[in-house]
Amino acid sequence: SNSNVHTNVLHSFSDSTTWPSTTPQHCNGTRQSPVNIETKNVKLDLSLVPFSFSGFDDSSALLHILNEGKTVKVFVNDSKVNVSKGGLADVYKTSQVHFHWGNGTFTGGSEHTLDGKQYQMEMHVVNYMSSYGSLDAALTNSTGVAVLGFFIEVGNSAIILGDFTLDSLLQGVNRSKYYRYLGSLTTPSCNEAVVWTVFKDSIKVSQDLINLFSTTVHTNTSSDPLIFNNFRISQNLNGRVITQSSLATTPLHSTFISAVLLCAVLWWFC
């Protein structure tokens, strides 16, 4: 049992089914995340054009890495990095990147699933509408936050030497192939303020690196419990339609890319 995993944090992933009653702010709402993406039910949306990414190549934009007791978070200088187009109604400033993972080799750790498949990990790039001064302020708008979700799985990752940037992690992921739906934050208070983008192509990393997340990162100090299985289970769609960009209708291609960012995140704690 992993019931003691999150003894030092405000919420426990080991029984996220209790969140609607124990943290009821929005967690019992009707547009909750994550969800299972059933590709046979996904609708084509021609407005889902490619994104424009600004500052994703800027190594100085990644400020610091913090173990928050429930995830590992990379803080981003939101004055240097933003996302627009891609069917978004505004420019969204990039605030932070964080990770969800399982317990290593045999168990999935992604929050979203694709036709029922749970990937080993999931990375979230969190952005907020630029007309708001902060991420917290943007949570008051039903589309105030745009989260970019990337699946992470085992593959033959290639080490690419160079600057530590968001692009260095995402090289090889076709960022024009994606799914879109309206949802929520996946942790309390589960605000229903998120335009979700889940990318079809996954980031490939080594099994050793995936194992390190569940065997290295503790909730606080090294004597505290390890963090693992920090994902929320799939939520009901409640009639929501998931759409996809036109390029997402093409077959998956295998891409083996750098794990530069993941390595940097973990070496911080090793």
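Assorted remarks:
- The phi torsions of region 133-142, fed into the Karplus equation with coefficients 6.51, -1.76 and 1.60 and a -60° offset, translate into couplings of x, 7, 4, 4, 5, 5, 5, 7, 9, 5 Hz, rounded to whole numbers, with Gly and Pro shown as x.
- Segments 89-101, 225-237, 62-74 sorted - mean Cβ within 10 Å per residue, highest first: 89-101, 225-237, 62-74
- When the listed pairs LYS43/LYS117; LYS117/LYS177; LYS43/LYS93; LYS70/LYS93 are checked against a 26 Å cut-off, the alpha-carbon distance exceeds it for LYS43/LYS93.
- Scoring 120-127, 75-82 by mean Cβ neighbours within 10 Å over their residues and listing the highest first yields 120-127, 75-82.
- Global form of region 189-243, assessed from the alpha-carbon gyration tensor, a/c cut-off 1.5: oblate
- Summed residue charge, Cβ within 14 Å of GLY86's Cβ, Lys/Arg positive, Asp/Glu negative: +3
- Net +/- balance of residues flanking SER245 in space, Cβ distance below 13 Å, scoring K and R +1, D and E -1: +4
- Packing around the peptides 188-199, 130-141, taken as the average count of other Cβ atoms within 10 Å per residue, puts them in this order, highest first: 188-199, 130-141.
- Radius of gyration, Dmax [region 92-238; alpha carbons; angstrom]: 15.7, 45
- For ASN191, the amide hydrogen comes within under 5 Å of the amide hydrogens of LEU185, counting only partners 5 or more places away or on other chains and with H modelled in the peptide plane.
Each reported figure results from applying straightforward, stated rules to the coordinates on display, with no laboratory input. These numbers were taken from a predicted model, which means no experiment stands behind them. Glycine also receives a Cβ, built like all others from the backbone with ideal geometry; neighbour counts cover every protein chain displayed.
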